[in-house]
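Novice: Below you'll find the structure I mean.
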Amino acid sequence: MLEQGQFWRNRELREHVAVVENKIAPTIVFTNSTYLNVYTKSWIQANIWIYKDRIVYVGDRMPIKTDDTDIIDCTGQYLVPGYIEPHAHPFQLYNPEELALHAGKFGTTTLINDNLRLLSLFDEKKAFSIIENFHKLAISMFWWGRYDSQSMLRDNEEKFNTNDILSWVSHPSVVQGGELTSWPQLLAGDDRLLYWIQETKRLNKRVEGHFPGASVDTLTKLKLLGASADHESMTGEEVIRRLQLGYHVALRYSCIRPDLPNILEQLQTEKIAAYDQMMYTTDGSTPSFNERGLINVCIKIALERGVPLEDAYRMATYNVAKYYQLDELLGSIAPGRLAHINILYEKDDPHPLSVLAKGKWIVRDGVEIEQDTHINWEKHDIKKAEFQWELTKDDLQFSIPIGLKMENDVIMKPYAVDIDITADYLPSGRDDAFLLLIDRYGKWRVNSVIHGFTKELGGLCSTYSTTDDIIIIGKRKSDMSLAWKRMKEIGGGIVLAHQGKIIYELALPLEGAMYDGSMVQLIEKEKECVKILNEAGYTFNDPIYTLLFLSSTHLPYIRITQQGIVDVMKYEVIVPANMR
């Protein structure tokens, strides 16, 4: 199937009609099935014919030709469309393929994916080759086109130029621009950004916002400038505010913001019963949060909070497809749609017994089916990270008396450092630790102190970061150097060292950014890392997200970036980076 253009070839379309005419046998037939018709919000009994990757017939008839047809009796079972994740960040330690396969096992058969890591690591030609290869998977993979890095890069103008931005938003696999983390610059008069947004709209594609805590006036201005939707509502009131202004709204259940249950309760209190503009998102949660699936978990929460059955499923299927103008392809069980179907034990249990994606079994009768198509990372020259330079004693010199104080997992405030940071180690039992951000290619560094990450840990080295640069944190410079050396040996990842020993390592062999293994293995490795960091004095919920967002200037109030330490609210560098 030519999914990029959302069309089948003429010859294939004729074959689909021939199946209905009983000239060609269907591949699969679900008999006696009770399926959710998302258009009428009703459960209908029908026979459903699949030919290869497409639903070709839904009705009372059975095919006459059934040579090699897999006929499945669905008596007592319930069929719903495959679920859609509208806002995936598919690089949270995992790689996009493994996230897709894991999501698919729990019924989420379509992902709309962030392209930020592709922009950071690869040139446009290589990135496009990778996303085109993803169409070979059974899970449908679509993408965003970012307008900004959500950080302050040294080469921002080179990375985010008009030609590249327009190439991305014009790509058939890209269904939206954003997310719009640079909205303050847009409101301040950035006409280049406004031009990119208008070009996205001219292509009849959506623009995703990122507007936490935005007032009615701010939301109104951003709507006038082209924003289509926003996923940053933290309360029912904020959801209602966006709905009333014409936004589509994704209700979030993520490791950082698990707001969905409270939001739905508040919407029930306000007697909001119009769900057509709403959908769910897990917003790029870390692996262990997704252990039991993605959108299936959200549907279950919605049902438990009183959302009507049919609306709860539509928010996971048709609403998303309709919003992205993919409803002729996805989001329903109807002729012409991709064969993304979940088979349930009960209507009110969204965790599927069987999952079909593009006509291929992901799970059948509770048994996971090995997939015959995989991404060949080596073919794309995606390999272990290499660092042709060494960390020196000069790199571990700290003197700037301005540090980053953690208010929670991801919010940082500036603080005045009141201890001696020129020594080789910092006292244990205190919240202060050395913090170093150093260029992936060894050209610059930014030295500071972080308060709240650890009370005891000797050293941490991570190539997992917003900008794919290297983060080194710790109490003792010798352990920080040891963690760096081991990270370099394994080709990127997260390494913890303490008292002269390596106590943990998570190799990320895909450019130092992504794991190359099963989600089950990764979840256990992540849990082990979090346990060690908690025991060493990390008191918040998600240290993986702390590492990711240390350089993210879309969050207040202070960040450490390629350009230096940044006052986010003023959007200015207060301590510049040092060249090595």
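The values are calculated or read from the model by the stated rules, or taken from the named source; none is laboratory data. This is a predicted model, so every value here is computed, not measured. Using ideal geometry, Cβ is built from the backbone for each residue, glycine included, and neighbour counts are taken over all protein chains shown. Side chains are part of the model used for accessible areas, which takes the heavy atoms of the whole protein and leaves out ligands, DNA and RNA. Shrake-Rupley method; radii C 1.70, N 1.55, O 1.52, S 1.80 Å.
Novice: List the equivalent ellipsoid semi-axes of the stretch 367-497 in whole Å, largest first, each obtained as the square root of 5λ for an eigenvalue λ of the Cα gyration tensor.
Specialist: Square roots of five times the eigenvalues give 32, 18, 13 Å.
Novice: Accessible area of THR467, 1.4 Å probe, to the nearest 10 Å²?
Specialist: Taking all protein chains as shown, THR467 has close to 20 Å².
Novice: Would you report the distance distribution of C-alpha pairs in the stretch 110-204 as whole percents per 10 angstrom bin, up to the bin with the largest distance?
Specialist: Bin by bin from 0 Å, the calculated values are 15, 51, 28, 5, 0.
Novice: Between HIS374 and ASP191, with labels modelled 7 Å along Cα→Cβ, what's the label distance in nm to one decimal, could you check?
Specialist: For HIS374 paired with ASP191, the spin-label model returns 5.2 nm.
Novice: Would you calculate the separation in nanometres between label points at ASN204 and LYS65, each defined as 7 Å from the Cα along the Cα-to-beta-carbon direction?
Specialist: So the label points at ASN204 and LYS65 sit 3.4 nm apart.
Novice: Working with all protein chains in place, sort ASP191, ASP164, ASP53, ASP276 by solvent-accessible area computed with a 1.4 Å probe, largest first.
Specialist: Sorted descending by solvent-accessible area, the residues read ASP191, ASP276, ASP164, ASP53.
Novice: Using only the Cα atoms, work out Rg/Rh for the stretch 35-150, with Rh taken as the Kirkwood radius, to two decimals.
Specialist: We get a ratio of 1.09 for the stretch 35-150.
Novice: For ILE419 and ILE44, calculate 0.36 nm times their separation in residues minus their Cα-Cα distance, and state this gained length in nm to one decimal.
Specialist: Full-extension gain reported as 128.0 nm.
Novice: Roll a 1.4 angstrom probe over the protein heavy atoms and tell me the percent of accessible area of the chain that is carbon or sulfur.
Specialist: Reported share for carbon and sulfur atoms: 48 percent.
Novice: Then there's this: Ordered by residue, what ³J(HN,Hα) values in Hz, to whole numbers, does the stretch 334-339 give under the Karplus form 6.51 cos²θ - 1.76 cosθ + 1.60, where θ = phi - 60° and Gly and Pro are x?
Specialist: Using θ = phi - 60°, the values come out as 7, x, x, 8, 4, 7 Hz.
Novice: Just the number, please: Stokes-Einstein D of the chain in µm²/s, Kirkwood Rh from C-alpha pairs, 25 °C, 0.890 mPa s.
Specialist: Estimated diffusion coefficient is 98 µm²/s.
Novice: Considering only protein heavy atoms, with the full assembly of protein chains and a 1.4 angstrom probe, order LYS485, LYS358 by accessible area, largest first.
Specialist: Ranked from most to least accessible, the order is LYS485, LYS358.
Novice: Can you give the FRET efficiency to the nearest 0.05 for LYS570 and ARG364, using r as the Cβ-Cβ distance and R₀ = 60 Å?
Specialist: So, using R0 = 60 Å, E works out to roughly 0.60.
Novice: Kindly give Rg over Rh for the stretch 244-308, based on alpha-carbon atoms, with the Kirkwood expression for the hydrodynamic radius.
Specialist: So for the stretch 244-308, dividing Rg by the Kirkwood Rh gives 0.97.
Novice: How large is Rg/Rh for the stretch 177-265, to two decimals, with Cα atoms and a Kirkwood Rh?
Specialist: Rg/Rh: 0.98.
Novice: Related question: If I model a spin label at ILE272 and ARG580 as a point 7 Å from the Cα along the Cα→Cβ vector, what separation in nanometres do I get?
Specialist: 4.8
Novice: Another question about this same structure. If R₀ is 22 angstrom, what is the calculated FRET efficiency for the pair ARG154 and LYS384, using the beta carbon separation as r and rounding to 0.05?
Specialist: For ARG154 and LYS384, the calculated efficiency is 0.35.
Novice: For the stretch 439-462 and the stretch 366-396, what is the centre-to-centre distance using only Cα atoms, to the nearest Å?
Specialist: 22
Novice: Something else: Under 25 °C and 0.890 mPa s, how fast does the stretch 31-75 diffuse according to Stokes-Einstein, given a Kirkwood radius computed over C-alpha pairs? Answer in µm²/s, whole number.
Specialist: Calculated translational D: 215 µm²/s.
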